[in-house]
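A.B. asks: Structure in structure tokens, see below.
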Amino acid sequence: MRPIAFNLTGPGYQAHRDEIDGAIRGVLDASWFILGAQGEAFEREFAAYLGVPHAIGCNSGYDALVLALRALGIGAGDEVLTVAHTAVATAVAISATGATPVFCDIDPHTYVMDPADAARRVTGRTRAIVPVHLYGQSAPMGAIMDLAKAHRLKVVEDCAQSHGAKWEGRMTGTIGDAAAFSFYPTKNLGAFGDGGAVVTSDPEVARTAAMVRNYGWEPGRRYVSEVRGINSRLDEIQAAILSVRLRHLDAANAARGRLAAMYDSALAGIDGLQVPHRDPSSTHVFHLYVVRHPRRDQIVADLAALRIGTHVHYPMPVHRQPAYLDHGYAEGSLPITEQAAREIMSLPMYPELPEADVAAVVDAIGRSVTAAR
Ligand SMILES: Cc1ncc(COP(=O)(O)O)c(C=O)c1O
């Protein structure tokens, strides 16, 4: 059997090769590489796609979180509610501002923040919430915004995995005070290098984020730092590529949705296997297709033996990673998160994944589960 890749970025390039090559050549011909017309065009297009007034390009999703939090005034001494079931970048970005991440447990079906658990963790120092729209599905933004309102907390949506996903008809990234997007190559909207963006409806937040990303300089006023900034700019080549890829984002998300539906029906009936739960309030854009089984490790091993690529997102929750042990979360302190980490696995998923690969993956899982009985 030929290998089945977990994710490939090559087919997405080949599908739009002429457009992407043309966009790159345009930047090379113009020979303007940092903070120029392409970056501004992409920022306008991405903001329009989401329906927000401001998008500020930057170097990564991690940086976008840092910029958004800093622009909202979050820093040393503050506590920020988030989840441990996420890419570590979410927590590290909070730490980088000087604030302390406070880890909340998750919903056992959707794997996103449990707002009731978050509410129990609010203290006098809590200043913000960073919900993560994990795997392509929105966190429960109604309850999260209610919690934020009740305690005057800022909300920064982590949209690294949710480009184009909606919550109750609203685009993720447009509901909180600001949002952070990643354009890492494998994301639903991926660059061919690092990239990210902050989006917001608040002109002051946009202005501060735009300054912080470029040494603290006010746009158009070089060499004078209004705030202590960093260097986190989206380069012109990546911006030009992203403008092309944005035009194809909805079609790519629809392809992911079709593949997810194929997996759903083909996997139904495999003993003990849970397919992704779909929250009716959310449109899922299937950045990842994550299933669950108590004998996960055996299935992963069996698929690896057949050269089928899988991953676990994420095998070690952030609160149990060495860098965060000093935050005082004992083993068992986030039971739903910890059990999920033991049982979940992500199956191959990218818009051009051949349907025959879906069938082969499902067949291999079925045989693994049957053999272990
Ligand atoms: C949920 C989440 N947040 C933040 C990030 C950070 O994005 P980047 O890799 O662009 O820094 C990622 C990507 O790895 C992510 O999946």
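A.B. asks: Which of the helices (runs of 4 or more DSSP H) found entirely inside segment 27-128 contain at least 1 residues meeting this: in contact with a His (Cβ under 8 Å, 6 or more places away or on another chain)? Working first, answer last.
C.D. replies: Working: elements: 37-50, 61-71, 88-96, 115-120.
Helices (runs of 4 or more DSSP H) meeting the threshold: 37-50.
A.B. asks: Something else: Confirm whether Ala210 is under 16 Å from His54 (Cα atoms), assigned to a helix (DSSP H, G or I) and assigned by TED's automatic domain parsing to the domain that holds Met145. Steps first, answer last, please.
C.D. replies: Working: under 16 Å from His54 (Cα atoms): yes; assigned to a helix (DSSP H, G or I): yes; assigned by TED's automatic domain parsing to the domain that holds Met145: yes.
When the stated conditions are applied, Ala210 passes them.
A.B. asks: Let me ask something else about it. So the check is Cβ under 8 Å with 6+ separation or different chains; which pairs have a first residue in segment 177-193 that's within 17 Å of Ile24 (Cα to Cα) and a second one that's more than 11 Å from the ligand (Cβ to nearest atom) and of a type in the set (Asp, Glu)?
C.D. replies: Cβ pairs passing all conditions: Gly193/Asp235.
A.B. asks: Follow-up question, since we're still on this one. Report, ordered by the first and then the second residue, all pairs with beta carbons closer than 7 Å, sequence separation of six or more or different chains, a first member in segment 142-157 that is not assigned by TED's automatic domain parsing to the domain that holds Gly124, and a second member that is surrounded by 18 or more Cβ atoms within 10 Å (Cβ to Cβ) and among the hydroxyl-bearing types (Ser, Thr, Tyr).
C.D. replies: Listed pairs, sorted by first residue: none to list.
A.B. asks: Report, by residue number, each residue of segment 1-21 that is in contact with a helix residue (DSSP H, G or I) (Cβ under 8 Å, 6 or more places away or on another chain) and either part of a helix (DSSP H, G or I) or closer than 24 Å to Val212 by Cβ (or both).
C.D. replies: Once the filter is applied, which keeps residues that are in contact with a helix residue (DSSP H, G or I) (Cβ under 8 Å, 6 or more places away or on another chain) and either part of a helix (DSSP H, G or I) or closer than 24 Å to Val212 by Cβ (or both), segment 1-21 yields Gly12, Tyr13, Glu19, Ile20.
A.B. asks: Can you say whether Ser60 is more than 19 Å from Gln161 (Cβ to Cβ) and within 14 Å of the ligand (Cβ to nearest atom), as far as the supplied structure shows? Show your work before the answer.
C.D. replies: Details: more than 19 Å from Gln161 (Cβ to Cβ): no; within 14 Å of the ligand (Cβ to nearest atom): yes.
For Ser60, the condition - more than 19 Å from Gln161 (Cβ to Cβ) and within 14 Å of the ligand (Cβ to nearest atom) - is not met.
A.B. asks: If we scan segment 345-357, do we find a residue that is in contact (Cβ under 8 Å) with a residue 24 or more places away in the chain, part of a helix (DSSP H, G or I) and among the aliphatic types (A, V, I, L, M)?
C.D. replies: Step one: of segment 345-357, the residues in contact (Cβ under 8 Å) with a residue 24 or more places away in the chain are 345-353, 355, 357.
Right, trim to part of a helix (DSSP H, G or I) and you get 355, 357.
Still in the list and also among the aliphatic types (A, V, I, L, M): none.
No; the residues of segment 345-357 include none that is in contact (Cβ under 8 Å) with a residue 24 or more places away in the chain, part of a helix (DSSP H, G or I) and among the aliphatic types (A, V, I, L, M).
A.B. asks: Something else now. Taking the conditions exactly as written (surrounded by fewer than 24 Cβ atoms within 10 Å (Cβ to Cβ), among the small types (Gly, Ala, Ser) and away from the ligand (no atom under 16 Å from the Cβ)), does Ala96 satisfy them or not? Talk me through it step by step, then tell me what you get.
C.D. replies: On the way: surrounded by fewer than 24 Cβ atoms within 10 Å (Cβ to Cβ): yes; among the small types (Gly, Ala, Ser): yes; away from the ligand (no atom under 16 Å from the Cβ): no.
When the stated conditions are applied, Ala96 does not pass them.
A.B. asks: Let me ask something else about it. Can you pull out every residue in segment 148-182 that is more than 14 Å from the ligand (Cβ to nearest atom), closer than 20 Å to Val285 by Cα and in contact with a helix residue (DSSP H, G or I) (Cβ under 9 Å, 6 or more places away or on another chain)?
C.D. replies: Gly164, Trp167, Glu168, Arg170, Met171, Thr174, Ile175, Gly176
A.B. asks: Then there is this: Return the pair list, or none, for Cβ contacts closer than 6 Å from residues in segment 252-280 that are among the charged types (D, E, K, R) to residues that are in a helix (DSSP H, G or I), at least 6 apart or on different chains.
C.D. replies: Here the result reads Asp271/Val369, each pair linking segment 252-280 to a residue that is in a helix (DSSP H, G or I).
A.B. asks: What are the residues in segment 306-348 that are of a type in the set (Asp, Glu) and surrounded by 13 or more Cβ atoms within 10 Å (Cβ to Cβ), if any?
C.D. replies: The initial filter retains those residues of segment 306-348 that are of a type in the set (Asp, Glu), namely 326, 331, 338, 343.
Within segment 306-348, Glu338, Glu343 meet the criteria.
A.B. asks: Look through Val130, Val83, Val122 and report the one residue that is surrounded by fewer than 24 Cβ atoms within 10 Å (Cβ to Cβ), touching a residue at least 40 places away in the same chain (Cβ under 8 Å) and touching a strand residue (DSSP E or B) at 6+ places or on another chain (Cβ under 9 Å).
C.D. replies: Working: Val130 fails: surrounded by fewer than 24 Cβ atoms within 10 Å (Cβ to Cβ); Val83 fails: surrounded by fewer than 24 Cβ atoms within 10 Å (Cβ to Cβ).
The unique qualifying residue is Val122.
A.B. asks: Outside the structural domain of Glu168 (by TED's automatic domain parsing) and surrounded by fewer than 20 Cβ atoms within 10 Å (Cβ to Cβ): does that describe Ala260? Quick ask: steps written out before the conclusion?
C.D. replies: Working: outside the structural domain of Glu168 (by TED's automatic domain parsing): yes; surrounded by fewer than 20 Cβ atoms within 10 Å (Cβ to Cβ): no.
For Ala260, the condition - outside the structural domain of Glu168 (by TED's automatic domain parsing) and surrounded by fewer than 20 Cβ atoms within 10 Å (Cβ to Cβ) - is not met.
A.B. asks: Is at least one residue of segment 103-117 away from the ligand (no atom under 12 Å from the Cβ), under 21 Å from Glu204 (Cα atoms) and not assigned by TED's automatic domain parsing to the domain that holds His313?
C.D. replies: no
A.B. asks: Let me ask something additional. Looking at Thr90, Thr82, Thr86, can you tell me which residue is in contact with an Asp or Glu (Cβ under 6 Å, 6 or more places away or on another chain) and within 25 Å of Leu334 (Cα to Cα)?
C.D. replies: Working: Thr82 fails: in contact with an Asp or Glu (Cβ under 6 Å, 6 or more places away or on another chain); Thr86 fails: in contact with an Asp or Glu (Cβ under 6 Å, 6 or more places away or on another chain).
The conditions single out Thr90.
A.B. asks: Could you list, in sequence order, the residues of segment 154-187 that are of a type in the set (Lys, Arg) and either part of a loop (DSSP other than H, G, I, E, B) or closer than 22 Å to Arg278 by Cα (or both)?
C.D. replies: Step one: filter segment 154-187 for residues of a type in the set (Lys, Arg), giving 154, 166, 170, 187.
Lys166, Arg170, Lys187, listed by residue number.
The values are calculated or read from the model by the stated rules, or taken from the named source; none is laboratory data. All figures in this text were calculated on a predicted structure; none of them were measured in a lab. All Cβ positions, even for glycine, are placed from backbone atoms using ideal geometry, and neighbour counts span all protein chains on display.
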